[in-house]
Amino acid sequence: MDFLSDFFTKFGAQLQSPTLGFLIGGIVIAAFGSQLQIPDAIYKFIVFMLLIKVGLSGGIAIRNSNLTEMLLPALFAVVMGILIVFIGRYTLAKMPNVKTVDAIATAGLFGAVSGSTLAAGITVLEAQGIEYEAWAGALYPFMDIPALVTAIVVASIHTSKKRDKYFSEEEYLSKQPVAAGEYPSGQEYPTTRQEYLSQQRGTANKVEIWPIVQESLQGSALSALLLGLALGILTRPESVFESFYEPLFRGLLSILMLVMGMEAWSRIGELRKVGQWYAIYAFFAPLLHGFIAFGLGMIAHYVTNFSAGGVALLAIIAASSSDISGPPTLRAGIPSANPSAYIGASTAVGTPVAIALGIPLYIGLAQALMGG
Amino acid sequence: MAKQAKKLVIVTEKILLKKIANIIAECGATGYTVVETGGKGSRNVRSSGQPNVSDTQANIKFEVITENRDMAQNIADKIAVNFFNDYAGIAYICDAEVLYAHTFCGPDGC
């Protein structure tokens with residue numbers, strides 16, 4: 001019983017963290033129709049600042065640590081990224097009125113990692129004084145890229161199979177029910193002279209993986225993180241890190257959380273249109289993904305002495321779903337998927353759940369199990 | 001001395017910017033103007049000013065001045081076939097008279 005009461009006390013304390021407070025604050029003022037606007041440029045800059053900070057501290061840590069320790073957690077991060085897509089493929093995609101490509105894209109986004117959730121998790125760990133490997137932030141790309149690549153490949157295989165079917169039997173055009181939005185699912189779009197031309201489309205059904213990897217690496221979040229990592233490893237950035245990045249980190253994170261909260265509210269309307277299955281998936285998936293990653297992290301804990309904070313952080317990034325760099329990659333990679341479905345599910349439900357429930361849950365669990 | 005020309009306008013999603021710019025160049029147009037924009041269409045209100053951290057709600061508007069209708073239509077066809085099934089977008093052609101562009105060649109030559 002000690003375990004449970006200990007866990008609930010810590011869980012309760014996490015609920016009062018400023019990170020979560022600002023997130024909920026953002027949701028509340030957006031719900032009241034506030035005119036408050038944070039300029040685009042500001043939160044783009046904040047994302048850059050947060051991830052370069054995470055990258056720098058990771059880079060500094062890598063320089064001073066034994067890299068072999070990182071192998072197992074990195075492997076687990078890759079496994080999680082791929083696994084999450086398949087979980088979505090075989091749960092969400094099987095639900096009534098859910099289009100398979102939409103489900104795969106949603107799963108891909110939940111497999112990808114949110115820089116803001118990662119930053120929020122790190123802040124909470126630091127505030128609680130829990131030890132974690134500073135390089136754990138560098139696990140981000142190991143989960144992010146495999147998830148996006150897997151989602152795009154799985155979706156392409158699915159659509160090309162459907163296309164083959166279409167060419168063999170014409171009756172495929174008996175369209176799938178439209179699950180989302182107020183616009184048609186697409187098939188009948190070019191009604192003018194393009195119709196004959198559109199037949200030419202879809203001859204290329206080979207999926208190239210490298211462009212997807214390249215696109216995610218070039219995305220704003222990953223480039224900032226990797227730049228920070230490289231600078232942390234190759235240069236001695238301690239002075240600027242301690243005087244500039246470190247002190248600003250929490251304040252900027254609180255502003256980003258406010259924006260995320262406002263965005264979450266503005267996406268709820270879209271999510272409502274695509275149906276309840278997305279909302280249910282978006283609520284339970286982050287918790288499930290986090291628990292699986294937590295289990296894998298525990299294995300790493302016993303094998304290579306991965307710290308309790310590190311295990312919690314692995315679970316937090318598994319629970320997070322990408323908000324900033326993932327959506328454009330998926331939009332370009334799986335064009336036929338409906339962005340209202342995956343962005344709505346991730347931003348309106350997934351991220352708040354990962355931050356509000358996931359972070360305190362995994363940190364509390366790590367402390368209770370490993371006494372971090 | 002105004003030169004007759006066609007103006008092709010394409011309003012679509014911002015993430016297609018580079019791909020569409022490539023198509024325009026491939027089709028032989030020498031330039032284009034692109035602005036960030038927003039509005040309402042079959043995919044509801046886009047670029048609405050609500051917070052949007054991932055840029056997937058942003059729209060752009062291309063304007064391409066072409067010497068003849070064929071080139072404009074060629075560009076529009078390629079874009080429609082490649083993207084308009086899956087992305088928000090509309091393309092339309094207007095008549096235009098180019099007044100002061102010293103490098104622009106109309107149907108009557110430069």
*Sort through A:L288, A:L222, A:L258 and tell me the only one that's assigned to a helix (DSSP H, G or I), touching a residue at least 24 places away in the same chain (Cβ under 8 Å) and more than 15 Å from the chain's Cα centre (by Cα).*
A:L258
*Given the structure, is A:A279 part of a helix (DSSP H, G or I), of a type in the set (A, V, I, L, M, F, W, C) and modelled with pLDDT of 90 or more?*
yes
*Does segment B:43-65 contain any residue that is more than 14 Å from every other protein chain (Cβ to nearest Cβ) and modelled with pLDDT under 90?*
no
*State whether the residues of segment A:147-170 include one that is under 21 Å from A:G344 (Cα atoms) and among the polar types (S, T, N, Q).*
yes
*Matching option when the condition is away from chain B (no Cβ under 12 Å), outside any helix (DSSP H, G or I) and at pLDDT 55 or above, among A:V124, A:V113*: A:V113
*Please find, among A:Y172, A:Y140, the residue that is surrounded by 12 or more Cβ atoms within 10 Å (Cβ to Cβ), modelled with pLDDT under 75, of a type outside the set (G, A, S) and touching a helix residue (DSSP H, G or I) at 6+ places or on another chain (Cβ under 8 Å).*
A:Y172
*Residue in segment A:233-253 that is aromatic (F, W, Y), more than 25 Å from A:L50 (Cβ to Cβ) and at pLDDT below 95 present*: no
*Specify the residue that is nearest to the other protein chains (Cβ to nearest Cβ); the eligible residues are those in segment B:13-35 that are touching a helix residue (DSSP H, G or I) at 6+ places or on another chain (Cβ under 7 Å) and of a type outside the set (A, V, I, L, M).*
B:C27
*Would you mind telling me which numbered condition in (1) out of contact with any Pro (no Cβ under 8 Å at 6 or more places or on another chain); (2) touching a residue at least 40 places away in the same chain (Cβ under 8 Å); (3) closer than 26 Å to A:I292 by Cβ; (4) open to solvent by 10 Å² or more (accessible area, probe 1.4 Å) A:I82 fails?*
(1)
*Determine whether A:A134 is surrounded by 13 or more Cβ atoms within 10 Å (Cβ to Cβ), at pLDDT 55 or above and within 14 Å of another protein chain (Cβ to nearest Cβ).*
no
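Rundown of residues vs (1) within 12 Å of chain B (Cβ to nearest Cβ); (2) of a type outside the set (D, E); (3) buried (at least 20 other Cβ atoms within 10 Å of the Cβ), yes/no style:
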{"position": "A:V259", "(1), (2), (3)": "yes, yes, yes"}
{"position": "A:Y278", "(1), (2), (3)": "no, yes, yes"}
{"position": "A:I299", "(1), (2), (3)": "no, yes, no"}
{"position": "A:F306", "(1), (2), (3)": "no, yes, yes"}
{"position": "A:L330", "(1), (2), (3)": "yes, yes, yes"}
{"position": "A:P360", "(1), (2), (3)": "no, yes, yes"}
_Against the condition open to solvent by 10 Å² or more (accessible area, probe 1.4 Å), in contact with a helix residue (DSSP H, G or I) (Cβ under 8 Å, 6 or more places away or on another chain) and free of Cβ contacts under 8 Å to residues at least 60 places away in the same chain, how does A:F283 come out, does it pass?_
no
*Quick check: anything in segment A:202-219 modelled with pLDDT under 70, within 14 Å of chain B (Cβ to nearest Cβ) and surrounded by 11 or more Cβ atoms within 10 Å (Cβ to Cβ)?*
yes
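The values are calculated or read from the model by the stated rules, or taken from the named source; none is laboratory data. Just so it is clear, the model here is predicted, and its values are computed rather than measured. So basically every Cβ, Gly included, is an ideal-geometry build from the backbone, and we count neighbours across all protein chains shown. Ligands, DNA and RNA are stripped out before the accessible areas are found, and what is left, the full protein with its side chains, is counted by its heavy atoms. Shrake-Rupley method; radii C 1.70, N 1.55, O 1.52, S 1.80 Å.
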